[in-house]
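The values are calculated or read from the model by the stated rules, or taken from the named source; none is laboratory data. Remember, it's a predicted structure, so these values are computed and weren't measured experimentally. Quick reminder, even Gly has a Cβ in these numbers, built from the backbone with ideal geometry, and neighbours come from all protein chains shown. Heads up: the accessible areas ignore ligands, DNA and RNA and are worked out on the full protein's heavy atoms, side chains in. Shrake-Rupley method; radii C 1.70, N 1.55, O 1.52, S 1.80 Å.
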Amino acid sequence: MAAELNLILFGPPGAGKGTQAERLRGDFQLPFISTGEMLRANVRDQTELGLKAKEFMDAGDLVPDDLIVAMAGERLGQDDALDGFILDGFPRTVAQATALERKLASMGRRVTAALLIDVPDEEVIRRLSGRRVCVKAGHNYHVEFDPPKHDSVCDQDGSRLIQRDDDRPDVIANRLRVYHEKTKPLVDYYDSLGLMRRIDGTRDPADVHGHIRAVIATLRLEENV
Ligand code: AP5
């Protein structure tokens, strides 16, 4: 039986995590779990969690750790995540990382690796200012780098393309500040555990995808040794 892969994908806002998620979904038999997507679904459905989270998300701040840890912990206990997963956007603070470790340890499991998609701030600003997402499933486009075939219409499901509320310039600036202050310390954290793998996110999406696939294939070989 193949060894279990419990992977974390992280990086600054706009690094291309969602873009790569769509490509990686088809490559590996691993559920892709995005806390950002889960939160946006809760906001859309106006759940109690969604109502609490919206204010933080709209401002580009992090949703409080206790809410996120409970939501992610519940998701990781579901059947499809028991043989491995790729987490996108969680953990995002050292407190979330230690909570994740405790949760996995309680199931006799551990993190296999943390993959950092690294992109400088000026590129983040260019990417997020031009990003458009479809209202139906959140498929990603960029007005300049990855435009849809027909203006403002999703190629995949024909729904309308919009700009996310947190892609306004003032909110982007705050999201970057929050990333450097609260999430960047995870680089040292996972480095010290020997779990960090760095991906150059400035290359085009196909190259980034190829690099991530190669890293995951190597991890799989190492886990099977
Ligand atoms: P989340 O949805 O996780 O947002 P994020 O991390 O800020 O990431 P994005 O979704 O903005 O960017 P991405 O890296 O997926 O980039 P994308 O592929 O779209 O979180 C949203 C909010 O939820 C947070 O702000 C917070 O409030 C809350 N939250 C979530 N998790 C939380 C947690 N654990 N704790 C607390 N709060 C939490 O790409 C961006 C653009 O660039 C697109 O237009 C794309 O077409 C383009 N692009 C992508 N790759 C390339 C490339 N290689 N070259 C050129 N263009 C590219």
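For the reader, a short list of remarks on this structure follows.
- Complete set of residues in the range 95-122 that are touching a residue at least 60 places away in the same chain (Cβ under 8 Å), outside any strand (DSSP E or B) and over 18 Å from residue 33 (Cα atoms): 119, 120, 121
- Index of the failed condition, residue 153 passing every other in (1) away from the ligand (no atom under 15 Å from the Cβ); (2) open to solvent by less than 80 Å² (accessible area, probe 1.4 Å); (3) more than 24 Å from residue 24 (Cα to Cα): (3)
- Matching residues, the range 42-75, being part of a helix (DSSP H, G or I), free of Cβ contacts under 8 Å to residues at least 60 places away in the same chain and among the acidic types (Asp, Glu): 48, 55, 65, 66, 74
- On the stretch given as the range 85-100, residues that are farther than 17 Å from residue 30 by Cβ, of a type outside the set (Ser, Thr, Tyr) and open to solvent by 10 Å² or more (accessible area, probe 1.4 Å) total 4.
- Boolean, residue 160 is touching a His at 6+ places or on another chain (Cβ under 9 Å) and either more than 10 Å from the ligand (Cβ to nearest atom) or within 18 Å of residue 20 (Cβ to Cβ) (or both): no
- Of all residues in the range 76-94 being near the ligand (Cβ under 10 Å from one of its atoms) and either at negative phi or free of Cβ contacts under 8 Å to residues at least 12 places away in the same chain (or both), the one that is farthest from the chain's Cα centre (by Cα): 93
- Test set (1) crowded, with 17+ Cβ neighbours inside 10 Å; (2) more than 13 Å from the ligand (Cβ to nearest atom) - residue 18 fails condition number: (2)
- Residues in the range 150-169 that are closer than 15 Å to residue 14 by Cβ and either in contact (Cβ under 8 Å) with a residue 24 or more places away in the chain or assigned to a strand (DSSP E or B) (or both): 163, 164, 165, 166, 167, 169.
Yes or no, residue by residue, for (1) over 19 Å from the mean Cα position of the chain (by Cα); (2) open to solvent by 20 Å² or more (accessible area, probe 1.4 Å):
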| position | (1), (2) |
| --- | --- |
| 102 | yes, yes |
| 114 | no, no |
| 118 | no, yes |
| 121 | no, yes |
| 167 | no, no |
| 174 | no, yes |
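- Which numbered condition residue 125 misses (of (1) more than 8 Å from the ligand (Cβ to nearest atom); (2) open to solvent by 30 Å² or more (accessible area, probe 1.4 Å); (3) not in a helix (DSSP H, G or I)): (3)
- Residues in the range 1-32 that are closer than 17 Å to residue 90 by Cα and in a loop (DSSP other than H, G, I, E, B): 11, 12, 13, 14, 15, 16, 30, 31.
- Conditions (1) on the phi > 0 side of the Ramachandran plot; (2) touching a strand residue (DSSP E or B) at 6+ places or on another chain (Cβ under 6 Å); number of the one not met by residue 60: (2)
- Of all residues in the range 205-225 being open to solvent by 80 Å² or more (accessible area, probe 1.4 Å) and not hydrophobic (A, V, I, L, M, F, W, C), the one that is nearest to the ligand (Cβ to nearest atom): 213
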